[in-house]
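Working notes for the structure below.
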Amino acid sequence: MKFTRTAPRTGATASGRGILTASLAGLALLLAACGSDSSNADTSTKAPTQGTDPVSLAAGSATGTPTADTAAPVAGGTLTFAVANDPISLNPSSTGSGNDTLYVTRQLFDSLTEQDPATGDVIPWLAKSFKASDDAKSFEFTLRPGVTFSDGTPLTAASVKATFDDINTAGAKAASAIVALAGYTETEVTGDLTFTVKFSEPNGSFLQATSAIALAPVAASTLAIPYDDRASGVGVVGTGPFTLDHYTKNNEVVLKKRTGYNWGPADRTNTGEAHLDQVVFKIVPESGVRTGSLESGQVQVIGGVAPQDISGLKDSGFGLVVRPNPGLTFGLTANVSRPIVGDLAVRQAIAHAVNATDVRDTALNEYFKVATSSLAANTPGWADQSALISFDPEKSKALLDAAGWVPGPDGIRAKDGVPLHLLTAYISNFGPNQTALELVQQELKDVGIDVELWTGTVPDLLAGQQEGKFDLIWGNSSRADGDVLRTTFSSVASNYYKIDDKELDAALIGQQSTADPAKRNAFLATAQKILVEKAYQVPVHELTTVLGTAKNVHGVVLGADSRLSQLTDASIG
Amino acid sequence: MGGYLARRLGQAVLVLWAAYTVSFLVLYALPGDAVDTRLGADSGSDITPEQIAALKSDYGLDRPLVIQYLTQLGRALGGDLGRSFDNGRPVTSLIAEGLPATLAIAGAALVISVLAGGGLALLAAGTRHRRLSRFLLNLPPLGVAVPGFWVGLLLLQQFSFRLPIFPALGNEGLRSIVLPAITLALPTSAMIAQLLAKSLSQSLAEPYADTARAKGASRSRVLLRHALRNATLPALTVAGLLTGQLLSGSVVVETVFSRTGLGRLTATAVSAQDTAVVQGLVIFGALVFVLVNLLVDLLYPVLDRRILRTTPRILITAEGRT
């Protein structure tokens, strides 16, 4: 009897600790299971901005939706769309969970401008015209008349001013939006439908940023709700082609068509009401379950298709909507303040030792492009640097020899007793990262460079970056504007890589000092050339966004930022 | 009996406090905080250090650790577990919303575990075939060893994707409970089977079983009427562990089956370093354990009259020895 009496109590004490260990263990399993899953490899939840160029689109969505949509789209129906992450917040200016949040909020909110995926140009949307000053410090907009919020109130210049002021007050809470309003002084209302946005410093990428969801105008009733209470989306009102029916955390977001909508931008085939009656976003964390659900007809569209599932879906006749992501390509960036990679010769040796095509072929597939610059080819302002990029291990060895790095008995080079050992950090936000880096590790070893791989959580990575612990960091950042180079590499932003290069800084700050696309592109071309020449970043491959669609789904497209565009053209049947 | 109860309640409070404190320390020992995790992705951006500092101060993350701990503990004592950093909702209502869905699959899993685990143990103890018995006794370790997400994916593949019998996603309807409950029940069935089989074989070796057999009782009568009754008690002692297994199992199961519930809440809160929610869940888990174990202790006298006859004094001494 003693046994039975004592056992429960041991159970009780063990249990207190048990839950922690148990849930941590459960979690480890879960993370392991999902590690390869986050196909939204976008480190950046940074929303503002989008972009593209005609080349990529031709390569992109052509592969996509099956057969030309020649017949008139069928009206009505419910489209069920599986995404990986809970949106967390339906407030357009707050961060949410990244791409998946934006897939949902894009349907609810319109922007002042649209970035045309075919050209990368910023074109009118809620603003029928806009003009930047020469110093890129003030921007005049004229709104399109007759637009209303879904609560019935009209969109006016005052609505936009109130939205921008609200973001400015919210500060870092409006993380995705506040970065686009850096140096914001005020929005001056000059008429019912006209206003001027003013900055204390040049904001050359602002026009492009107005095409993002983060800066979408919201109704006055929304702004009356405290900022922290808007995440549920209840009472958060935009001018978009869909309205929120309900949002159940970790389960689904149901949207209803807004009748009377007729102010879509000109790059859409249908600028009026959506064909669909209803859109249901289902939150399905596991990528294998998303694929299986599409194949078994339980959902009609899936986001975040894992690279290894792409060809299988295609072979079974499902539609693919494919578009390379604009922005910073995946590659190795050196922390120049570290002793070894501070040396230009070592960085160049690394650049010539990496066989990017081989990495793409091994870790990925033909849907992913080999990088041709620090910017992906469909980013406005992209300048081809392929001439400067070459896989040439002999050149690497020669560079290292000349710099005094002598191979030791194990093949690893050393100089003055210091081994050529580089700590290289990555996070598992994109499944193939590990495979890609293991290959890079092998390639660098072939020329005598010893690479130690490190991985951890985002805060771990940031802490390590701040301490200056890593020599090389692997990653990307999706954004449809070349300004991503300034925020990543210039000494004026976060400056994690400690690059101290006056020429590069001048080009990066220069592109932000004007809103004239031609001038910006010239600055960006200079910056890209320096980045590759001085091997601050070794570009390896681009990221690609892939959606899978059922055979009878048409008109699902990705926007200039390679995120889901509004579903006004989508139809079933 | 009153003293015993008071002692148990005191222990319960201690367990809850320890769970709260340990989880607080663990969460704050991690690098960064919720703000860093949220803005981390925006690291290479124009957010100024001043803006980040303002946000941290707004959420009280810049105050000394001791102060943060004491304020939160104070509020928790008043039943206020704080708000989710992620979406600003009260932690208590997030837990209340997630609970029914988790209870549904955990309850179903418990029923399945008792039937499957109990059945397996009885069959193993009752069969005359030694090989069959040995085979059956080898199943539980396997049930504990296979990872839940893998079983879940296999079940989905077979019974949702290939044969459209059960839905792959969501919480709607009774049919959505079946596959998650089976997945969740696998390790717990194994635990029950293993424990019950062991105590059944012990009971069958007891003299009273020999007596019963000598009196001419059939094999099944000895097993079901005599041995099972006595063997159930030890199995009941692991109720707390089973509950723990069901709660932690829900993290994986709810993710694989795209269900809402406490498991999914845990997964998302941990990855966002949403400390208030994680702590709320730890407290909730500890509370469930304490209650289950208390309930089991109080149930013993009902199941075994002999415990009722023992005097409180002996109960307390027994207590002291553990």
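The values are calculated or read from the model by the stated rules, or taken from the named source; none is laboratory data. Note that the structure is a prediction, hence the values are computed from the model and not measured. Glycine gets a Cβ as well: all are built from the backbone with ideal geometry, and neighbour counts include every protein chain shown.
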Of all helices (runs of 4 or more DSSP H) fully inside segment B:172-272, the set with 2 or more residues that are more than 14 Å from every other protein chain (Cβ to nearest Cβ) is B:175-204, B:207-214
Within segment A:200-240, the count of residues that are in contact with an Asp or Glu (Cβ under 7 Å, 6 or more places away or on another chain), under 21 Å from residue A:151 (Cα atoms) and not in a helix (DSSP H, G or I) comes to 6
Can you name the number of the only condition in (1) free of Cβ contacts under 8 Å to residues at least 40 places away in the same chain; (2) in contact with a helix residue (DSSP H, G or I) (Cβ under 6 Å, 6 or more places away or on another chain) that residue A:437 fails? (2)
Please determine, by comparing only the residues of segment B:202-230 that are in contact with a helix residue (DSSP H, G or I) (Cβ under 6 Å, 6 or more places away or on another chain) and in contact (Cβ under 8 Å) with a residue 40 or more places away in the chain, which one is nearest to residue B:119 (Cα to Cα). B:223
Taking residue A:476 and the conditions (1) within 20 Å of the chain's Cα centre (by Cα); (2) under 23 Å from residue A:444 (Cβ atoms); (3) surrounded by fewer than 24 Cβ atoms within 10 Å (Cβ to Cβ), which numbered condition does it fall short on, given that it satisfies the others? (3)
Which of the residues belonging to segment A:284-339 are outside any strand (DSSP E or B) and under 19 Å from residue A:531 (Cβ atoms)? A:325, A:326, A:335, A:336, A:337, A:338
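Being among the hydrophobic types (A, V, I, L, M, F, W, C), closer than 30 Å to residue B:56 by Cβ and touching a Lys or Arg at 6+ places or on another chain (Cβ under 6 Å), is that true of even one residue in segment A:103-116? Lay out the reasoning, then the answer.
Step one: filter segment A:103-116 for residues among the hydrophobic types (A, V, I, L, M, F, W, C), giving A:104, A:108-109, A:112.
Then drop every residue that is not closer than 30 Å to residue B:56 by Cβ, which leaves A:104, A:108-109.
Narrowing the set further to residues that are touching a Lys or Arg at 6+ places or on another chain (Cβ under 6 Å) leaves none.
No.
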Neighbours by Cβ (under 7 Å, 6+ apart or cross-chain): first from segment A:384-411, of a type in the set (Gly, Ala, Ser); second assigned to a loop (DSSP other than H, G, I, E, B) and crowded, with 17+ Cβ neighbours inside 10 Å: A:386/A:372; A:396/A:447; A:403/A:343; A:411/A:448
Those residues of segment A:244-267 which are surrounded by fewer than 18 Cβ atoms within 10 Å (Cβ to Cβ) and away from chain B (no Cβ under 14 Å) amount to A:245, A:256, A:259, A:260, A:262, A:266
Of the residues in segment A:285-305, those that are among the hydrophobic types (A, V, I, L, M, F, W, C) and farther than 20 Å from residue A:244 by Cβ come to A:289, A:294, A:302, A:305
So residue A:159, is it modelled with pLDDT of 95 or more and within 13 Å of residue A:111 (Cα to Cα): yes
Could you tell me how many of the residues in segment A:86-96 are surrounded by fewer than 24 Cβ atoms within 10 Å (Cβ to Cβ) and either out of contact with any Gly (no Cβ under 7 Å at 6 or more places or on another chain) or not in a loop (DSSP other than H, G, I, E, B) (or both)? 0
Under 6 Å between Cβ atoms, which residue pairs at least 6 apart in sequence (or on different chains) link something in segment B:24-37 that is more than 8 Å from chain A (Cβ to nearest Cβ) with a partner that is of a type outside the set (A, V, I, L, M)? B:24/B:69; B:27/B:275; B:34/B:85; B:34/B:273; B:34/B:274
Search result, residues across segment A:339-365 that are surrounded by fewer than 18 Cβ atoms within 10 Å (Cβ to Cβ) and within 23 Å of residue A:428 (Cβ to Cβ): A:358, A:361, A:362, A:365
Look at segment A:458-484 and say how many of its residues are within 8 Å of another protein chain (Cβ to nearest Cβ) and either out of contact with any strand residue (DSSP E or B) (no Cβ under 8 Å at 6 or more places or on another chain) or among the charged types (D, E, K, R) (or both). 5
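Output the residue which, of all residues in segment B:121-166 that are basic (Lys, Arg), over 20 Å from residue B:187 (Cα atoms) and assigned to a helix (DSSP H, G or I), is farthest from the other protein chains (Cβ to nearest Cβ). Break it down stepwise before answering.
Step one: list which residues in segment B:121-166 are basic (Lys, Arg), which gives B:128, B:130-131, B:134, B:162.
After this cut, where a residue has to be over 20 Å from residue B:187 (Cα atoms) as well, the list is B:128, B:130-131, B:162.
Imposing the further condition that a residue be assigned to a helix (DSSP H, G or I) reduces the set to B:130-131, B:162.
Working: B:130: 27, B:131: 30, B:162: 8 Å.
Of everything passing the filter in segment B:121-166, B:131 is farthest from the other protein chains (Cβ to nearest Cβ).
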Hey, among A:166, A:134, which residue is in contact (Cβ under 8 Å) with a residue 60 or more places away in the chain, assigned to a helix (DSSP H, G or I) and acidic (Asp, Glu)? A:166
Condition broken by residue A:118, with the remaining ones in (1) over 24 Å from residue A:477 (Cβ atoms); (2) surrounded by fewer than 24 Cβ atoms within 10 Å (Cβ to Cβ) satisfied: (1)
List the residue pairs whose Cβ atoms are under 6 Å apart, where the first residue sits in segment A:295-308 and is within 13 Å of chain B (Cβ to nearest Cβ) and under 18 Å from residue A:276 (Cα atoms), the second is of a type in the set (Gly, Ala, Ser) and crowded, with 24+ Cβ neighbours inside 10 Å, and the two are 6 or more positions apart or on different chains. A:298/B:168; A:299/A:82; A:299/A:293; A:302/A:82; A:302/A:548
Exactly one of B:88, B:78, B:82 is touching a residue at least 40 places away in the same chain (Cβ under 8 Å) and out of contact with any Cys (no Cβ under 6 Å at 6 or more places or on another chain), and that residue is B:82
Answer with yes or no whether residue B:185 is more than 26 Å from residue B:249 (Cα to Cα), in contact (Cβ under 8 Å) with a residue 60 or more places away in the chain, in contact with a Ser or Thr (Cβ under 7 Å, 6 or more places away or on another chain) and crowded, with 21+ Cβ neighbours inside 10 Å. no
Kindly indicate which of A:505, A:481, A:500, A:569 is among the charged types (D, E, K, R), closer than 30 Å to residue B:49 by Cα, surrounded by fewer than 24 Cβ atoms within 10 Å (Cβ to Cβ) and in contact (Cβ under 8 Å) with a residue 40 or more places away in the chain. A:500
Tell me which of these residue B:149 doesn't satisfy, since it passes every other one: (1) aromatic (Phe, Trp, Tyr); (2) free of Cβ contacts under 8 Å to residues at least 12 places away in the same chain; (3) crowded, with 17+ Cβ neighbours inside 10 Å. (2)
